[in-house]
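> What follows is a single structure, and I will ask about it in a moment.
Bear in mind that the values in this text are calculations on the coordinates, not laboratory data. Remember, it's a predicted structure, so these values are computed and weren't measured experimentally. Every residue, glycine among them, receives a Cβ derived from its backbone with ideal geometry; neighbour counts consider all protein chains shown.
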Amino acid sequence: MTQPTDPESFLPLTPAAFHILLALADSEKHGYGIMQEVAAISDGQIKLGPGTLYGTIKRILADGWIEESDERPDPALDDERRRYYRLTDFGGKVVRAEAQRLSRLVDAARTKRLVPKTRSA
Amino acid sequence: MGNSVSTSTRIYGWLLRLYPSRFRLEYGNEMATVFRDSCHDEYQHNGALGVIGVWAETVPDLVVSVSDEHAQEDFQMAKTSLIRVLAIAGIVGGALWIAFGVLANMRPAGVPGGAYRATDDLLTLFFLGALGLAAGLLGVYLHSAGRWATPPRLTLLVSLAGVAWSFAATVIFKTNFYVWVGGWFTFMLGALFTGLLLIANPTARQWAALFITLAVTTFLFNFEDWRVLFGVVAGIVVIVISALTLSSSLNRQSGPPIATA
């Protein structure tokens, strides 16, 4: 699939898409693994239901941001029927661009004293 | 596993029928597994109350995602139907151009070596064919151009605008010949640049060849002596472009494109 070269053209991402990409940023995961990781990184504030999770997975798969992994875990350790997903190179660029956009917003909020300044080490 | 977990999993499995069938076939088993795992974990930590908590989060998710998926499915189906109608119109348009090319080069019966038939008599065929061409190009734009880079998408739109311009100039507003020529050259240049820009795209090379051929043949069949040859070839190219779109849209019946590793 031909991708536009600029990942920023997709921003801002929906919260569900961003959290799923973020959950897959360091390793491939199955659906329930993504759901648990999203709950963990958002301190339990974001809980993706199965419908939102797989509706978003369907769309970002079609956009080429993630792909299904061929590799299956050891059947003794996990259910080999589960599908595992991982970020594509382009998906990595998209999530990085969104993270930078959010970081700039936090910086702006900090200059307006809406967010406490981080203590320097 | 608690009875509340297995009962909940069965009920959720039944509720999955609310999703569009394609979505359910693709992801239903996974969703049921995720729901079962959530119930199982909550049951381990909080007992039956934990399972009730899972339901409290799942029901709103179910309501919103079922309506989202149906809306997308309906939109996709309407778009696919439109693309098929446009592709069929393109095939008819190509056939009309072939007829135009052949008939315009026939000499009147009993006059060997006589003048070619006056094309004015046949212009209806040409313009209906051009309308079919516009439909076919719009079908390509809606079906395939979304996967192209921006420049060839824009030149395809320019090409489409050129056909609409020449058709409107002649058939609707009955302006002079040069206004028609302006629109026709816009179409041909748009098609030519679409083809040239698509050469760089390895997944769209068949479109590159077709658009370049379309531009060249539609240019050449303006010359009376070559009309039979290039009218027929241009008609065939329009048919092939539209048939590719139709065939690809029919193949999508089985489901949206899913990237696999």
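> How big is the convex hull of the Cα atoms of the protein assembly as shown, per residue, in Å³?
Normalising the Cα hull of the protein assembly as shown by residue number yields 202 Å³.
> In debye, nearest 20: dipole of chain B around its Cα centre with unit charges on the Cβ of K, R (+) and D, E (-)?
Once rounded to the nearest 20, the dipole reads 800 debye.
> May I pose another question? Taking the Cβ of A:R96 as the center, what net charge do the other residues with Cβ under 14 Å away carry, scoring Lys and Arg +1 and Asp and Glu -1?
Combined, the nearby Lys, Arg, Asp and Glu give -2.
> I've got another one for you. Sticking to Cα atoms, compute the Rg of chain B to one decimal and its Dmax as the biggest Cα-Cα distance, whole number, in Å.
Reported Rg and Dmax, both Å: 27.2, 97.
> Tell me the angle of helix B:123-143 to the major Cα principal axis of chain B, expressed in degrees between 0 and 90 and rounded to the nearest ten.
30 degrees
> Taking the Cβ of B:Y12 as the center, what net charge do the other residues with Cβ under 14 Å away carry, scoring Lys and Arg +1 and Asp and Glu -1?
Overall, the nearby charge balance is -1.
> Positive end of the charge dipole of the stretch B:17-67 (Lys, Arg +1 and Asp, Glu -1 on Cβ, about the Cα centre): tell me which of B:N46, B:T58, B:F23 has its Cα farthest that way.
Working it through, the farthest residue towards the positive pole turns out to be B:F23.
> For n ≥ 4 DSSP H runs only, could you compute -39500 (n - 2.57) per run for chain B, divide by its residues and tell me the 222 nm figure to the nearest 500?
Counting only the DSSP helices, I get -27000 deg cm²/dmol.
> Moving on. If I take R0 = 45 Å and measure r between the Cβ atoms of A:K117 and B:T80 in this structure, what FRET efficiency does the formula 1/(1 + (r/R0)^6) give, to the nearest 0.05?
0.25
> Using R₀ = 41 Å, calculate the FRET efficiency as 1/(1 + (r/R₀)^6) where r is the Cβ-Cβ separation of B:V158 and A:D70; round to 0.05.
That pair, B:V158 with A:D70, gives E of 0.45.
> Considering only A:L105, A:T14, A:G49, whose Cα is most displaced toward the positive end of the charge dipole of chain A, charges sitting on Cβ of Lys, Arg (+1) and Asp, Glu (-1)?
With unit charges placed on the Cβ atoms, the residue in question is A:L105.
> Separate question: For Cα pairs less than 8 Å apart in space and 6+ apart in sequence, what is the mean separation divided by the residue count of the stretch A:12-102, i.e. the relative contact order in percent?
Reported relative contact order: 36 percent.
> Angle, helix A:89-111 long axis vs. longest principal axis of chain A, Cα atoms, 0 to 90°, nearest 10?
Orientation of helix A:89-111: about 30 degrees from the principal axis.
> Given the C-alpha centroids of the stretch B:1-72 and the stretch B:163-207, what is the distance between them in whole angstrom?
A separation of 52 Å, based on Cα centres.
> Which longest run of chain B has no exposed loop site in it, a site being chymotrypsin sites (Phe, Trp or Tyr not before Pro) in a DSSP loop with at most 14 other beta carbons within 10 Å, and the site itself not part of the run?
Here the longest run is B:1-172.
> Sort the stretch B:137-260 into rounded, prolate or oblate with this rule: let a ≥ b ≥ c be the square roots of the eigenvalues of the Cα gyration tensor; rounded if a/c is under 1.5, and if a/c is not under 1.5, prolate when a/b is larger than b/c, oblate otherwise.
prolate
> Mind checking the dipole of chain A: about its Cα centre, +1 per Lys or Arg Cβ, -1 per Asp or Glu Cβ, Debye to the nearest 20?
I would put it at about 880 debye.
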